[in-house]
Every structure is written in structure tokens, then in C-alpha cells.
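Peer 1: Before we start, here is the structure in question, set down as C-alpha cells.
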Amino acid sequence: QAHRATVRVVEDSEVLKVPKDEFFKALKKNSELKTYLEDQIAHIAYRNFTRFLKSGSDQVPGEAMQELFASLKREEIGKGTTVVERGQLGERFYLIGGGQLEAVPESGDTKTLNAGDFFGDEALLCGEPQAFTIHSQTNCVLFYLENSDFYKFIGLIPALKPALEMGRVLHTER
């Protein structure tokens, strides 16, 4: 299996190479290590999402982002779990903290979603049913806002709606 990333060193560093099977054995034996690494991946997703929000023409205030992130709830799902069913009304906004999901529209042209991507916003903003069935291809960590919290933040942060529309990975023809 190919590597998922290229790492470039920007300063003197020491690298410890651990065989894959040994790494997974260590994770099984030490749940604190596993939790720590999952949290680091989640922080990467948060950081990417924060950079995305700050890159828009209208800046999202730091205090508002802190409140937004504090309101996100964490959910772990297993491989093969259906998160959203095409045709359902939108109930949540999701930010992917880790793992990989597949989005399947009616056309069948699938799209892969990764850490830092988000979904569910379009159905909530448009008040129309979900246009995609989304299920996990791997074990995943998702962060979500219930629809009432999502609408609260759309009202509190005027730059949020255009930022979400600009950065949306899944687009539907409405």
C-alpha cells in the first residue's frame, strides 16, 4: 500500500521508524497512546478548518471560532457506518476529525471525504433533503453540531455561511 503523505523536514530532527505491526500492537496495548494520536489528528482537522475559515474575505473572529469549536460534539464510528442517508432532512453539520468517508449522490459518482472536510451544511442551509448517502470507509472520528447549534452560529458569525459555501467539497445542483 502506498504512503499517504510526504514529510519534509524543516529543521534538524530525529526520526524513529517503527514497523507497522509493532505500531498497531503498541496502540492495542496502550489506549492512552491511541487516544493521544486520535486527538492529534482531530487537532489537525480543527487547524485545517480554522485556516479555511480565516482564509475567506470576511474574517471569522477568534472568540466566535472558540465558541464554535467548544460546541462541537465528538463521535467515533466504525467502518461501513452510514452517517447520512440521501433523502433525509438535514439534522447535523459534520467536520471530519479522522478517517475516510464516501459520499454517493443519486448519479453514483462517489467522492471521498477526509480529515478537515465537512458536510451536512448544504442540506441545513437550503432546508432540503440530503443529496448524498455518506458512509465510512474506515473507522472515523466526526465532530458535529446539531441543527439548532448550527443555525445559532450561522446567525452569530455572518462570515460563516459564505465561507462554508466557498469551501464545500460536496456540491449539488439545486
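Peer 1: Which one of Phe150, Phe143, Phe119, Phe93 is farther than 15 Å from Leu68 by Cα, under 18 Å from the mean Cα position of the chain (by Cα) and not charged (D, E, K, R)?
Peer 2: Values: Phe150 fails: farther than 15 Å from Leu68 by Cα; Phe143 fails: farther than 15 Å from Leu68 by Cα; Phe93 fails: farther than 15 Å from Leu68 by Cα.
Answer to the check: Phe119.
Peer 1: Show the residue pairs meeting these rules: Cβ distance below 8 Å; 6+ apart or different chains; first residue within region 63-78 and closer than 11 Å to Phe153 by Cβ and surrounded by 14 or more Cβ atoms within 10 Å (Cβ to Cβ); second residue among the charged types (D, E, K, R) and modelled with pLDDT of 80 or more.
Peer 2: Sorted first by the residue in region 63-78, then by its partner, the pairs are Ser71/Asp149.
Peer 1: Out of curiosity, is Asn139 surrounded by fewer than 21 Cβ atoms within 10 Å (Cβ to Cβ), closer than 16 Å to Arg74 by Cβ and not basic (Lys, Arg)? Don't jump to the end; show me each part of the working.
Peer 2: Details: surrounded by fewer than 21 Cβ atoms within 10 Å (Cβ to Cβ): yes; closer than 16 Å to Arg74 by Cβ: yes; not basic (Lys, Arg): yes.
In short, yes.
Peer 1: Taking the options Leu160, Leu170, name whichever one is open to solvent by less than 20 Å² (accessible area, probe 1.4 Å), closer than 15 Å to Pro105 by Cβ and either modelled with pLDDT under 90 or not aliphatic (A, V, I, L, M) (or both). I'd like the intermediate steps shown before the answer.
Peer 2: Working: Leu160 fails: closer than 15 Å to Pro105 by Cβ.
Step by step, each of Leu160, Leu170 is checked, and only Leu170 is open to solvent by less than 20 Å² (accessible area, probe 1.4 Å), closer than 15 Å to Pro105 by Cβ and either modelled with pLDDT under 90 or not aliphatic (A, V, I, L, M) (or both).
The values are calculated or read from the model by the stated rules, or taken from the named source; none is laboratory data. All values reported here derive from a predicted model rather than from experimental measurement. Note: ideal-geometry Cβ built from the backbone for every residue, glycine included; neighbour counts use all protein chains shown. Side chains included, ligands, DNA and RNA excluded: accessible areas come from the protein's heavy atoms. Shrake-Rupley method; radii C 1.70, N 1.55, O 1.52, S 1.80 Å.
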